[in-house]
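The values are calculated or read from the model by the stated rules, or taken from the named source; none is laboratory data. What you are looking at is a predicted structure, and each value in this text was computed from that prediction instead of being measured. With ideal geometry, Cβ positions are generated from the backbone for all residues, glycine too; neighbour counts draw on all protein chains shown.
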Amino acid sequence: MQTIPCVRLIAIKIDLEFTFEKYLHLLKDKAIEDIQKYKFRKDQLIAFASYLLKHYYLAQYLNLHPSNINIKYSKNGKPFLEENIYNIDFNITHSGEYIIIAIAHNSLVGVDIELINPNIEVTELSPIICSEYERNLINDDPNNFFIIWTKKEALIKAHGIGFDDSQFYKTTTLNLETIQITSNSMIYNQCFNQHYMLSLCISKES
(Lines give C-alpha, C1' and ligand atoms only; values in the text may rest on other atoms or scores of the structure.)
Protein backbone atom coordinates (compact mmCIF):
# COMPACT_ATOMS: atom_id res chain seq x y z
CA MET A 1 0.00 0.00 0.00
CA GLN A 2 1.41 3.37 -1.04
CA THR A 3 1.90 5.96 1.69
CA ILE A 4 0.78 9.47 0.76
CA PRO A 5 3.19 12.11 2.14
CA CYS A 6 1.86 14.93 4.26
CA VAL A 7 1.70 18.24 2.41
CA ARG A 8 0.43 21.55 3.74
CA LEU A 9 -1.28 24.05 1.44
CA ILE A 10 -1.76 27.66 2.53
CA ALA A 11 -3.73 30.08 0.34
CA ILE A 12 -3.94 33.87 0.52
CA LYS A 13 -6.67 35.82 -1.25
CA ILE A 14 -5.31 39.16 -2.37
CA ASP A 15 -7.14 42.27 -1.19
CA LEU A 16 -6.18 45.20 -3.40
CA GLU A 17 -7.24 47.60 -0.66
CA PHE A 18 -4.71 46.17 1.80
CA THR A 19 -2.05 48.77 2.61
CA PHE A 20 0.96 46.46 2.64
CA GLU A 21 3.34 49.42 2.36
CA LYS A 22 3.17 50.15 6.09
CA TYR A 23 4.62 46.68 6.80
CA LEU A 24 7.58 46.89 4.45
CA HIS A 25 9.86 48.05 7.26
CA LEU A 26 9.59 44.55 8.74
CA LEU A 27 11.30 43.02 5.70
CA LYS A 28 14.92 42.81 4.63
CA ASP A 29 16.23 45.58 2.39
CA LYS A 30 16.67 43.09 -0.48
CA ALA A 31 13.04 41.95 -0.16
CA ILE A 32 11.82 45.55 -0.20
CA GLU A 33 13.95 46.25 -3.25
CA ASP A 34 12.57 43.19 -5.07
CA ILE A 35 8.98 44.15 -4.27
CA GLN A 36 9.43 47.75 -5.40
CA LYS A 37 10.92 46.65 -8.73
CA TYR A 38 7.39 45.88 -9.91
CA LYS A 39 5.69 48.75 -11.73
CA PHE A 40 2.10 47.99 -10.77
CA ARG A 41 0.81 47.95 -7.21
CA LYS A 42 -1.02 44.63 -7.65
CA ASP A 43 2.25 42.95 -8.65
CA GLN A 44 3.96 44.53 -5.64
CA LEU A 45 1.20 43.17 -3.40
CA ILE A 46 1.61 39.68 -4.90
CA ALA A 47 5.37 39.84 -4.29
CA PHE A 48 4.78 41.00 -0.70
CA ALA A 49 2.28 38.20 0.02
CA SER A 50 4.59 35.67 -1.63
CA TYR A 51 7.45 36.77 0.61
CA LEU A 52 5.30 36.37 3.72
CA LEU A 53 4.12 32.91 2.70
CA LYS A 54 7.65 31.68 2.01
CA HIS A 55 9.43 33.16 4.99
CA TYR A 56 6.90 33.06 7.81
CA TYR A 57 5.43 29.62 7.16
CA LEU A 58 8.77 28.01 6.39
CA ALA A 59 10.13 29.56 9.59
CA GLN A 60 7.54 27.56 11.54
CA TYR A 61 8.78 24.31 10.02
CA LEU A 62 12.44 25.09 10.54
CA ASN A 63 12.07 26.69 13.97
CA LEU A 64 13.86 29.80 12.77
CA HIS A 65 13.15 33.50 12.71
CA PRO A 66 11.74 34.53 9.30
CA SER A 67 14.74 36.79 8.71
CA ASN A 68 16.99 33.70 8.86
CA ILE A 69 15.20 31.87 6.04
CA ASN A 70 17.58 31.77 3.06
CA ILE A 71 15.94 30.87 -0.23
CA LYS A 72 17.92 30.12 -3.40
CA TYR A 73 16.77 29.23 -6.92
CA SER A 74 17.87 26.49 -9.29
CA LYS A 75 18.81 27.31 -12.89
CA ASN A 76 15.20 26.60 -13.87
CA GLY A 77 13.76 28.81 -11.16
CA LYS A 78 12.75 26.20 -8.57
CA PRO A 79 13.08 27.69 -5.07
CA PHE A 80 14.89 25.75 -2.38
CA LEU A 81 16.18 26.30 1.13
CA GLU A 82 19.92 26.91 1.38
CA GLU A 83 20.04 25.30 4.85
CA ASN A 84 17.57 22.44 5.03
CA ILE A 85 18.31 20.00 7.84
CA TYR A 86 14.63 18.97 8.02
CA ASN A 87 14.47 18.09 4.30
CA ILE A 88 11.63 20.49 3.51
CA ASP A 89 10.57 21.19 -0.06
CA PHE A 90 8.15 23.92 -1.06
CA ASN A 91 6.61 25.55 -4.10
CA ILE A 92 4.49 28.63 -4.70
CA THR A 93 1.97 29.67 -7.33
CA HIS A 94 -0.37 32.55 -8.03
CA SER A 95 -3.16 33.44 -10.43
CA GLY A 96 -5.92 36.00 -10.29
CA GLU A 97 -6.74 36.73 -6.63
CA TYR A 98 -4.87 33.81 -5.06
CA ILE A 99 -1.36 32.94 -3.97
CA ILE A 100 -0.73 29.40 -2.69
CA ILE A 101 2.29 27.75 -1.09
CA ALA A 102 2.76 23.98 -0.78
CA ILE A 103 5.17 22.65 1.85
CA ALA A 104 6.27 19.00 2.00
CA HIS A 105 8.61 16.93 4.15
CA ASN A 106 10.87 14.27 2.58
CA SER A 107 9.20 14.73 -0.82
CA LEU A 108 9.44 16.99 -3.83
CA VAL A 109 6.39 19.19 -4.31
CA GLY A 110 4.96 21.35 -7.07
CA VAL A 111 1.74 23.34 -7.14
CA ASP A 112 -0.07 25.33 -9.82
CA ILE A 113 -3.26 27.38 -9.86
CA GLU A 114 -4.78 28.98 -12.94
CA LEU A 115 -7.79 31.22 -13.42
CA ILE A 116 -9.98 29.35 -15.92
CA ASN A 117 -10.45 31.29 -19.13
CA PRO A 118 -13.36 29.73 -21.07
CA ASN A 119 -12.30 31.65 -24.19
CA ILE A 120 -8.75 30.35 -24.30
CA GLU A 121 -7.55 29.19 -27.73
CA VAL A 122 -7.22 25.51 -26.91
CA THR A 123 -6.70 24.49 -30.53
CA GLU A 124 -3.64 26.74 -30.80
CA LEU A 125 -2.09 26.10 -27.38
CA SER A 126 -2.52 22.37 -26.81
CA PRO A 127 -0.21 21.25 -29.68
CA ILE A 128 2.55 23.44 -28.21
CA ILE A 129 2.53 22.08 -24.64
CA CYS A 130 0.67 18.75 -24.75
CA SER A 131 1.45 15.27 -25.97
CA GLU A 132 -0.80 13.65 -28.56
CA TYR A 133 -2.33 11.50 -25.82
CA GLU A 134 -3.25 14.60 -23.82
CA ARG A 135 -4.60 16.48 -26.84
CA ASN A 136 -7.01 13.65 -27.53
CA LEU A 137 -8.29 13.83 -23.95
CA ILE A 138 -8.67 17.60 -24.02
CA ASN A 139 -10.73 17.49 -27.21
CA ASP A 140 -10.68 21.31 -27.47
CA ASP A 141 -12.50 21.68 -24.14
CA PRO A 142 -11.14 24.64 -22.07
CA ASN A 143 -11.86 22.98 -18.72
CA ASN A 144 -10.01 19.83 -19.78
CA PHE A 145 -7.14 21.99 -21.02
CA PHE A 146 -6.72 23.63 -17.61
CA ILE A 147 -6.80 20.26 -15.85
CA ILE A 148 -3.93 18.99 -18.01
CA TRP A 149 -2.10 22.32 -17.96
CA THR A 150 -2.08 22.70 -14.16
CA LYS A 151 -1.14 19.03 -13.69
CA LYS A 152 1.78 19.49 -16.09
CA GLU A 153 2.94 22.70 -14.40
CA ALA A 154 2.78 21.07 -10.95
CA LEU A 155 4.75 18.04 -12.19
CA ILE A 156 7.42 20.14 -13.88
CA LYS A 157 7.71 22.47 -10.88
CA ALA A 158 8.08 19.54 -8.46
CA HIS A 159 11.07 18.24 -10.41
CA GLY A 160 12.46 21.67 -11.28
CA ILE A 161 12.75 20.71 -14.94
CA GLY A 162 11.79 23.94 -16.70
CA PHE A 163 10.29 24.49 -20.13
CA ASP A 164 13.34 26.03 -21.76
CA ASP A 165 15.75 23.13 -21.83
CA SER A 166 13.61 20.01 -21.88
CA GLN A 167 11.05 18.27 -24.08
CA PHE A 168 9.78 16.32 -21.08
CA TYR A 169 6.56 18.34 -20.95
CA LYS A 170 5.61 17.13 -24.45
CA THR A 171 6.01 13.45 -23.60
CA THR A 172 3.81 13.19 -20.49
CA THR A 173 0.58 11.18 -20.43
CA LEU A 174 -1.48 13.13 -17.93
CA ASN A 175 -5.17 12.32 -17.63
CA LEU A 176 -8.36 14.03 -16.44
CA GLU A 177 -8.72 12.05 -13.20
CA THR A 178 -8.75 13.82 -9.83
CA ILE A 179 -5.84 11.68 -8.63
CA GLN A 180 -3.18 10.30 -10.95
CA ILE A 181 -0.37 8.06 -9.70
CA THR A 182 2.73 7.41 -11.79
CA SER A 183 5.89 5.46 -11.02
CA ASN A 184 7.33 8.24 -8.87
CA SER A 185 4.61 10.91 -8.47
CA MET A 186 1.09 11.51 -7.28
CA ILE A 187 -0.79 14.37 -8.93
CA TYR A 188 -3.98 15.71 -7.39
CA ASN A 189 -6.35 18.06 -9.21
CA GLN A 190 -9.49 19.94 -8.28
CA CYS A 191 -11.58 22.97 -9.19
CA PHE A 192 -10.80 25.72 -6.68
CA ASN A 193 -13.39 28.34 -5.74
CA GLN A 194 -15.38 27.63 -8.94
CA HIS A 195 -13.26 29.80 -11.25
CA TYR A 196 -9.80 28.28 -10.74
CA MET A 197 -8.07 24.99 -11.45
CA LEU A 198 -5.55 23.74 -8.89
CA SER A 199 -3.07 20.87 -9.18
CA LEU A 200 -0.58 19.50 -6.66
CA CYS A 201 2.25 17.10 -7.43
CA ILE A 202 4.11 15.10 -4.78
CA SER A 203 7.13 13.20 -6.04
CA LYS A 204 9.85 10.94 -4.71
CA GLU A 205 13.21 12.55 -4.42
CA SER A 206 15.55 11.69 -7.28
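Quick notes on this structure:
- Number of residues in the range 173-206 that are more than 21 Å from residue 118 (Cα to Cα), hydroxyl-bearing (Ser, Thr, Tyr) and out of contact with any helix residue (DSSP H, G or I) (no Cβ under 6 Å at 6 or more places or on another chain) equals 5.
- Selection of strands (runs of 3 or more DSSP E) fully inside the range 15-106 by the criterion of at least 1 residues being surrounded by fewer than 11 Cβ atoms within 10 Å (Cβ to Cβ) and outside the structural domain of residue 189 (by TED's automatic domain parsing) returns 71-73.
- Residues that are touching a residue at least 40 places away in the same chain (Cβ under 8 Å) and small (Gly, Ala, Ser) were ranked within the range 109-145; the one that is surrounded by the most Cβ atoms within 10 Å (Cβ to Cβ) is 110.
Okay, residues lined up against (1) out of contact with any strand residue (DSSP E or B) (no Cβ under 9 Å at 6 or more places or on another chain); (2) at pLDDT below 95:
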residue	(1), (2)
38	yes, no
41	yes, yes
65	yes, yes
69	no, yes
73	no, yes
82	no, yes
91	no, no
107	no, yes
112	no, no
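- Residue within the range 165-187 that is modelled with pLDDT under 95, of a type in the set (D, E, K, R) and not assigned by TED's automatic domain parsing to the domain that holds residue 11 present: yes
- Under the condition of being more than 17 Å from the chain's Cα centre (by Cα) and not hydrophobic (A, V, I, L, M, F, W, C), the residues counted in the range 156-194 number 16.
- Of note, residue 2 satisfies the criterion of being at pLDDT below 90 and not aromatic (Phe, Trp, Tyr).
- Pairs where the first residue, in the range 177-206, is without any contact (Cβ under 8 Å) to a residue 12 or more places away in the chain and the second is crowded, with 18+ Cβ neighbours inside 10 Å, C-beta under 6 Å, 6+ apart: 179/188
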